[in-house]
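Only one structure is covered here, and it is reproduced in the block below.
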Amino acid sequence: MPNSGCWTIENYAYRACPEPRREFPFVYSLHNHSHHSVETMGMLNDVVRLPWMRPFRHALQSAFGFGSEAKFDFDEISYLAPLTPEEVLRTERAAAAALGYDEIVLGVSDHDEVAGSIELFRAHPESAQRIAVGEELSIHFEGYLFHLGIAGMNPEEAEALHAALGEAARANRLDDLFEMLRASQCLVVFNHPLVPWGEHRRSGVPARELLTRYGWAIHALEYNGMRSRRENDAVLALARSVGKPVVGGGDSHLLLASSVLSVSRCGSFAEFAEEVKSGRGVPLLTPEFFAPLAWKLFLRVLHFMAHYRRIARFRERPVRELLRGQTVLLDSAGAASRAFLRAAAALDLIR
């Protein structure tokens, strides 16, 4: 499989698809984050636990401006994804147009938040068939963090369903939660099911166990644009073994369009959801998917450093207020990051 061009995945197998518009008249982008999604720098907790990084933990903490904090957790530094829901729509439409599509069916799936998708739906009543209301819901199963992509909520009932699902998730009432999902008739996608968080890098991810218990309420697994080809191939193998279809999801968290989409001959989200529930999904890998994953993650880190003072919060307080009058290492790193990103954009390397 060359690392170029467009490819589809059909029946768990890759197939070159140089002109997807000719074969599949409609394209779907289901996994997008707007500025309603809260991110954290918690991944750095795992980094500083590495033996070779332990001597540098305090230096890294000081670079953020919090070297005096005795009990410091990088998960307490948060920031928002960069695009508004409207900007997500424009970005995804432009990328779809480059593939030959006049329009795209879009789902904004913010972290445990439905406001972004509702905002977009209400702003575009003329596109009601092409906007899926939903969210990316966090749940814990056997002590492990998983994410479910929920799309197709009734817009009039979405806020109430969101509140009920969130309450059940926080209380770890998963039986109730999955019953609510089934009753809602939403499309439920198991997003990036094999991400190895923390200690599960060694002990394994209990994704199969979750599917064994709650697969009756999960319709598909996700081929994720921000995960490696190797991990996604393992997702394909898992999906085949449990008899679930696979759909595409971009999950870029950046200023970039989704690099993995879904294509279909169904022209509305409702029809597409029924197609997936019946067992058929066709992910579309765009050329941007084949950019090295390390590069994609590097761009995400650069974006954070470039805008650290403006976008970050520490223990729910804006960093720009906490660090007023101070100079920290991320200030100079941020200036360098902004210059690098401008140069990379000029050379068409932001992908």
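Things worth noting here:
- Across segment 182-204, the number of residues qualifying as at pLDDT below 95 and either under 25 Å from GLU10 (Cβ atoms) or crowded, with 21+ Cβ neighbours inside 10 Å (or both) comes to 1.
- Number of the condition not met by HIS33 [criteria: (1) outside the structural domain of GLU275 (by TED's automatic domain parsing); (2) closer than 17 Å to GLU92 by Cα]: (1)
- Matching residues, segment 89-117, being among the aliphatic types (A, V, I, L, M), assigned to a helix (DSSP H, G or I) and out of contact with any His (no Cβ under 8 Å at 6 or more places or on another chain): ALA94, ALA95, ALA96, ALA97, ALA98
- Selection within segment 4-47 - small (Gly, Ala, Ser), under 15 Å from TYR223 (Cα atoms) and touching a residue at least 12 places away in the same chain (Cβ under 8 Å): SER29
- No other residue among ALA81, ALA97 is within 23 Å of the chain's Cα centre (by Cα), within 28 Å of ARG229 (Cβ to Cβ) and surrounded by fewer than 16 Cβ atoms within 10 Å (Cβ to Cβ) apart from ALA97.
- GLY107 falls short of the stated requirement of being of a type outside the set (A, V, I, L, M), surrounded by fewer than 16 Cβ atoms within 10 Å (Cβ to Cβ) and touching a helix residue (DSSP H, G or I) at 6+ places or on another chain (Cβ under 9 Å).
- A residue that is buried (at least 18 other Cβ atoms within 10 Å of the Cβ) and over 18 Å from TYR14 (Cβ atoms) cannot be found anywhere in segment 229-242.
- Index of the failed condition, PRO287 passing every other in (1) within 16 Å of VAL27 (Cα to Cα); (2) touching a strand residue (DSSP E or B) at 6+ places or on another chain (Cβ under 9 Å): (2)
- From the list ARG93, ARG130, the one residue that fits, being basic (Lys, Arg), assigned by TED's automatic domain parsing to the domain that holds VAL205 and either within 30 Å of ARG173 (Cα to Cα) or at pLDDT 95 or above (or both), is ARG93.
- Which listed residue, of GLU231, GLU275, GLU222, GLU321, is among the acidic types (Asp, Glu) and touching a Phe, Trp or Tyr at 6+ places or on another chain (Cβ under 9 Å): GLU222
- Within segment 242-349, strands (runs of 3 or more DSSP E) holding 1 or more residues that are without any contact (Cβ under 8 Å) to a residue 60 or more places away in the chain: 260-264
- In segment 246-255, the residue that is nearest to HIS303 (Cα to Cα) out of those that are over 12 Å from the mean Cα position of the chain (by Cα) and crowded, with 22+ Cβ neighbours inside 10 Å is VAL247.
- In segment 1-56, of all residues being of a type in the set (Phe, Trp, Tyr) and modelled with pLDDT under 85, the one that is nearest to PHE304 (Cα to Cα) corresponds to PHE56.
The values are calculated or read from the model by the stated rules, or taken from the named source; none is laboratory data. Just so it is clear, the model here is predicted, and its values are computed rather than measured. Ideal geometry is used to build each Cβ from the backbone, glycine not excepted, and the neighbour counts take in all protein chains shown.
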